[in-house]
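Data block below; observations after.
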Amino acid sequence: MTITPNISKNQTLRTALLGFIGGISLAAGVAVLANDGGVAAMHHMSAPMSPADMAAHINKVCQHIYVEIDATDVQKSTLDPIFKQAAADLLPMFQQLHTGHSQVLSLLLAPTLDRTALEQASAAQIAVQGQITQRLTRLVEDSSTVLTPDQRQKLVTHLTQHMAANGAMHG
């Protein structure tokens, strides 16, 4: 029977998908934190990123990824609008998560714990996370049609190494 090759292929594809989602989530999360000053402090910058700075940062991340995966000019021109639209769609969602996180912290600081408010805040966070997952899935679907299997593997390898390095640095 040839079940093993199919299982292996599905696991590789699943790993590639998760790595890609993780990388884009990381980039979008960095953009959100940069917008509210979190990354500015982490990178020792004096002020939050402006929208123009953020766009430049997203472009820089994309260009770095394109080099890592040996993207062609045609692929770059196809992927650029996909990535930029995803970032534009995801930014408000990550801002909602940040706001929700602040809300939960405020609720925890209250003299009396409001369980109903905490449950509502939790439900709102879960809903936003669901929206993020759906948008990231669409991003993976859209971008994976542009990349070759070899490029997707290079991307997963790069993102895995990047996330491991950042985990060790922040961890």
Simple spin-label model, 7 Å along Cα-to-Cβ: Gln85 to Asp142 in nm? 0.4
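Among Met93, Met163, which comes first, second and so on when ranked by fewest other beta-carbon atoms within 10 Å?
Met163, Met93
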What does the extension gain come out to for Arg115 and Gln131, with contour length at 0.36 nm per residue minus their alpha carbon separation? 3.3 nm
Say R0 is 25 Å: what FRET efficiency, to the nearest 0.05, do Val104 and Met163 get from their beta-carbon distance? 0.50
Taking the Cα-to-Cβ direction at Ser50 and at Ala124 and moving 7 Å from each Cα, how far apart do the two end points lie in nm? 3.1
Please compute the length gained on full extension between Thr78 and Asp150, using 0.36 nm multiplied by the number of residues separating them and subtracting their Cα-Cα distance. 24.2 nm
Sort Arg138, Arg152 so that the residue with the fewest other Cβ atoms within 10 Å of its own Cβ comes first and the one with the most comes last. Arg138, Arg152
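Bear in mind these aren't lab numbers, they're just calculated from the coordinates by the rules spelled out. The model shown is predicted, which means the values in this text are computed figures rather than measured ones. Don't worry about glycine lacking a Cβ; one is built from the backbone with ideal geometry, like all the others, and counts go over all protein chains shown.
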